[in-house]
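Only one structure is covered here, and it is reproduced in the block below.
Just so it is clear, none of the values below were taken in a lab; they were calculated from the coordinates. Just so it is clear, the structure is predicted and the values come from calculations on it, not from any experiment. So basically every Cβ, Gly included, is an ideal-geometry build from the backbone, and we count neighbours across all protein chains shown.
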Amino acid sequence: MRKFARIVSLLAATGVFAGVVGAQPTQLAMLDKLERGGWELTFRNDEGGRDRVCLATGRELIQLRHAGLKCKSTVVTDSPQEVTVQYSCPGNGYGRTNIRRESNQLVQIDAQGIENGLPFAFAAEARWAGSCRR
């Protein structure tokens, strides 16, 4: 058993396992690369409203209409430039959000779903605006 452990250690030290271990990308890594802090959302609908959100991880953009709720999610698309996530919040609705990265300070968001028993759909541009306001 010691010999096996020594062989594994030797292989790890020489990088033989590096390709296997390193090949496992972090899920939704694109969102993790977004600039942290305050982001301004500009909605492209009839009202053209604006909102502001504070990002700690970038993943907050997935559930803008169900913020803070514990929801079960399924990743549909996960690439360096785009993610699509479907999520379900038992008793509170569900959603599907697509986020397309233009840069680490600019993304395009399309989302739709059900919130409080009513349908929602929006398209928005999210742009980094500096630090979070307190």
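The table that follows gives values for the structure above.
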| item | result |
| --- | --- |
| Contour excess over end-to-end distance, with Cα ends at Cys132 and Gln86 and 0.36 nm allotted per residue | 13.8 nm |
| Qualifying GluC sites (Glu not before Pro) in the range 35-93, DSSP loop, other Cβ atoms within 10 Å at most 12 | Glu47 |
| Per-bin percent of Cα-Cα distances, the range 26-130 [10 Å] | 16, 50, 32, 2 |
| Loop-located trypsin sites (Lys or Arg not before Pro) in the range 63-116, at most 13 other Cβ atoms within 10 Å (DSSP) | Lys70 |
| Cα coordinate range in the range 79-134, projected on the principal axes (Å, largest first) | 34, 33, 17 |
